[in-house]
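Values quoted throughout were computed directly from the atomic coordinates according to the rules given, and no laboratory measurement underlies them. Remember, it's a predicted structure, so these values are computed and weren't measured experimentally. Glycine also receives a Cβ, built like all others from the backbone with ideal geometry; neighbour counts cover every protein chain displayed.
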Amino acid sequence: MSDKIYIGKGKVTGNYGNISITLGLDGFGEIYKKHGFETKQKSKKLKIIISEMRQADNYGNTHTCYVDTWKPDSAGNGNLDSGGETF
């Protein structure tokens, strides 16, 4: 597995478990070119992973966000699309 590409941090906000993430957009175009994809409907996508950190950082952030760099093998095993156009 390759090194993680961290793109943001955040914390739980409100009473319903919502997570507010601030994304760093510097270099985002290059990240999309390398790790993004298009759906059959020509919608551009970039899969991300939001993970809870072991402990909060100095700014109170409790979650981190990074690019999902997983790619299917050459035989086509695996699916990059989550199965729906929800956004």
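Once you charge only the Cβ atoms, +1 for Lys and Arg and -1 for Asp and Glu, what is the size of the charge dipole of the stretch 1-59 about its Cα centre, to the nearest 20 debye? Mind dumping the intermediate values first?
Details: 11 positive and 6 negative charges, 67 e Å.
My answer is approximately 320 debye.
Of 55, 17, 31, whose Cα points farthest to the positive end of the dipole of the stretch 17-70 (charges on the beta-carbon: +1 Lys, Arg; -1 Asp, Glu; origin at the Cα centre)?
31
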